[in-house]
Amino acid sequence: MKEILIALKDYLVFINIIFAAIVIFFERKRPVFTLFWIMILLLTSYFGFIMYLFFGISFKKRRALSKYYLKNSNKYSKNIKKKSMINIKKWIGLSKYLDGVLLGKMTHNNSFVFYRKNESFFSSLTLAIKESKKNIYMEYYVFDDDEVGGPIYDAILEKAKESIEIKIIIDGAGTRGVSRKRLKELRNAGVMIEIFFPSYFPFIKIGNLRANYRNHRKISLIDNEVLFSGGLNIGKDYLGKGKLGNWQDIGFSIKGEAIVDYLHEFERSWKFLKKDTTDLFENPALIKKDYQITPIQVVSSGPNYEFHTIKDTILNLIIKAEKSIMIETPYFIPDEPVMEALKGALVSGIKIKIVIPNIGDHAFVYWANQYFYGELLELGAEIYKYKNGFIHSKLMIVDREIAFLGTANFDYRSMYQNFEINLLILGINIIELENRIKSDIQNSEMVKIEDYKNRGKKERVLESISKLIAPIL
């Protein structure tokens, strides 16, 4: 028996070495990820390969769909209105890049509504569902069946009786608070529901070899007329009724031409889950109405995309900044290129303000935030820790003229591993978004450089550990 155990250990060590070789020679990973997994595999001799199976395997790209977007995106960029060009002249290069790699054209006939209170967002969403006439498409990381999600599920069941087309995608790891009984009830009523990378095992949410790649999107499309999105999932936490207390977030709705891009992204996710390899997407018949000129460009991303569009957009915004950068995020864990760009901006005299939570909702995230902002703090960045509960907003404003917001956090996971969807927006809406950040700063404590330098040894150790595991936080 002892000999068998020794032999088994030897085999496990050998397997780890094989996987380390695969990482080095076959996986097309960035150097930071390569070094991270080699360290894990070689230091955890007996179980590192299990971690790699669930969290390290690269996502196989669906190149057929990628080719569709490269082939068709330019068809949507021909009708940019000249009278709004003056607003986007500085950002036209970024707009063309996104149009070249995504179906993410810059549209102009749009309206944008920012909900200052989460309650208003959910009440507007519920009302839109109840008044829907044609279709309801929803895609969420968290869609719990609780005091917030329950009434929405009930409203969906009522609409299913009217033979409305209803499609729902929920993430297999993020959505924990919905029972099989509820799912069966919805499906029996005619609601089409797909689980994004479900677990193969009961009671284990990450029991899937693609567990590291999550659908972090939060979108509701009603009748091809109105879209609801932002940082708000559906659950009681997002009304401040969870363990973290008050929940500060950003929810918005849009109407107009930009909805087409959100619809295509939902269809792309749906086809992916249904293993549908066709790349034919029909544009919906939108209600013809003139909204105010609001330039919006949708920026979607995922591990099966050819380009890291979320990261590339953030990097481009930083590089093009001339005066100021304001960032609000629950997870400030940038990769090296973004970090270097921020440091370069500070040295160039650009003012940077970053608002992060004063508490962490996941292990090591608080310390990772502290590690990364430390370098910027010493170069003159203003760091604010939000004190009135938990801040979950995902917002970036540059030079008080362009904003980047949606579902993506300012971290490795959103830049490289999650399926996300954001938008770029210009125009008068920047004022109210900027006012939100200013208001949150009023409810925050500014980090003093002296306090940071005098932090204890325990904090420094936790920061160092968090830095090492940042790629998977």
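In the stretch 354-363, is there at least one residue being in contact (Cβ under 8 Å) with a residue 60 or more places away in the chain, over 19 Å from the mean Cα position of the chain (by Cα) and not in a loop (DSSP other than H, G, I, E, B)? Within the stretch 354-363, none of the residues are in contact (Cβ under 8 Å) with a residue 60 or more places away in the chain, over 19 Å from the mean Cα position of the chain (by Cα) and not in a loop (DSSP other than H, G, I, E, B). Selection within the stretch 351-384: residues that are at pLDDT 85 or above and touching a Ser or Thr at 6+ places or on another chain (Cβ under 7 Å). The member of this set that is surrounded by the fewest Cβ atoms within 10 Å (Cβ to Cβ) is LYS351. Being touching a residue at least 40 places away in the same chain (Cβ under 8 Å), touching a strand residue (DSSP E or B) at 6+ places or on another chain (Cβ under 7 Å) and not in a loop (DSSP other than H, G, I, E, B) is a property that VAL338 lacks.
Is it the case that ASP261 is under 16 Å from GLU420 (Cβ atoms) and either at pLDDT below 95 or buried (at least 23 other Cβ atoms within 10 Å of the Cβ) (or both)? Answer is yes for this residue. Against the conditions (1) over 20 Å from GLU420 (Cα atoms); (2) touching a Ser or Thr at 6+ places or on another chain (Cβ under 9 Å); (3) surrounded by 23 or more Cβ atoms within 10 Å (Cβ to Cβ), LEU342 satisfies every one except (2). Here is a check on your reading of the model: is ILE425 modelled with pLDDT of 95 or more, over 26 Å from PHE307 (Cα atoms), in a strand (DSSP E or B) and among the hydrophobic types (A, V, I, L, M, F, W, C)? Judged against the criteria, ILE425 is not a match.
Suppose the filter is of a type outside the set (D, E, K, R) and over 22 Å from GLY240 (Cα atoms); does TYR141 pass it? The answer is no for TYR141. Quick check on ILE421: is it under 22 Å from PHE372 (Cα atoms) and surrounded by 13 or more Cβ atoms within 10 Å (Cβ to Cβ)? So ILE421 does not fit the description; no. Selection of the stretch 159-176 for residues being modelled with pLDDT under 90 and either more than 15 Å from ASP144 (Cβ to Cβ) or surrounded by fewer than 17 Cβ atoms within 10 Å (Cβ to Cβ) (or both) yields SER163, ARG176. The residues in the stretch 143-165 that are part of a loop (DSSP other than H, G, I, E, B) and in contact with a helix residue (DSSP H, G or I) (Cβ under 8 Å, 6 or more places away or on another chain) can be counted, and the count is 5.
The values are calculated or read from the model by the stated rules, or taken from the named source; none is laboratory data. What you see is a predicted model; the values in this text were computed from it and never measured. Here the Cβ is made from the backbone with ideal geometry for all residues, glycine too, and neighbour counts use every protein chain on show.
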